[in-house]
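Some notes on the structure that comes next.
The values are calculated or read from the model by the stated rules, or taken from the named source; none is laboratory data. Remember, it's a predicted structure, so these values are computed and weren't measured experimentally. Using ideal geometry, Cβ is built from the backbone for each residue, glycine included, and neighbour counts are taken over all protein chains shown.
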Amino acid sequence: MDITKELVDSHTVLVLMPSAEYNQDIVKVIKQLAEKKAVCYVTLNKTAESLKEIFSKNKVNMQNIVFIDAITKTIKQTPDTADSVYYVSSPQALTEISITINKFIKHEFDYLIFDSLTNLMVYSKKAPVAKFLSSLINKIKESTTKAAFYALSMEEHKALVEECSMFVDKVIDLGKEE
């Protein structure tokens, strides 16, 4: 799958990933997007530091990536910003996450990666997540930023994935690719 080609025709995509290949898939996608374009990577399941480590080991161009990290502040004291990372209080703080993302959209980042919708379900109920996603996607569609939303393809999140599918332009299921 070439995510850059998918995002030429679609403003927003939902990328369904099998959990067994998740780490490899996030590296493949970020490698394609960060090569020459500015990327805002929103993380709700790994710290920005752990993602930087994974990406560096896999020779990802880190110069074009800025992180919004919703995990680190849940495990340790940290400032609001540090070395291309903006920290929000937790994955439950949907308003804070939305405000922070909006700042990046206004700066006309080329791409936004949201990792992941299934993690939101751990912290919030389906209705607030759907409302958050709908609002966020509408703001993205009013901008020049293109977005990829990750979700694990798991049976227990099928209802969320179906609902989220209504908001995005295209759904890409990496588990069904050959």
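Within the range 86-103, if we keep just the residues that are surrounded by fewer than 20 Cβ atoms within 10 Å (Cβ to Cβ) and of a type in the set (A, V, I, L, M, F, W, C), the residue that is farthest from K76 (Cα to Cα) turns out to be I99. Residue-level check: of (1) modelled with pLDDT of 85 or more; (2) over 16 Å from E6 (Cβ atoms), S165 misses just (2).
Checking each residue in the range 139-156 for being under 17 Å from the mean Cα position of the chain (by Cα) and not in a helix (DSSP H, G or I) picks out S143, T144, T145, K146, A147, A148, F149, Y150, A151, L152, S153. Out of (1) touching a Leu at 6+ places or on another chain (Cβ under 8 Å); (2) over 18 Å from V8 (Cα atoms); (3) assigned to a helix (DSSP H, G or I), the odd one out for A159 is which? (1) is the only condition that A159 fails. For the range 81-109, filtered to residues that are touching a Cys at 6+ places or on another chain (Cβ under 9 Å) and either part of a loop (DSSP other than H, G, I, E, B) or on the phi > 0 side of the Ramachandran plot (or both), the residue that is modelled with the highest pLDDT is F109.
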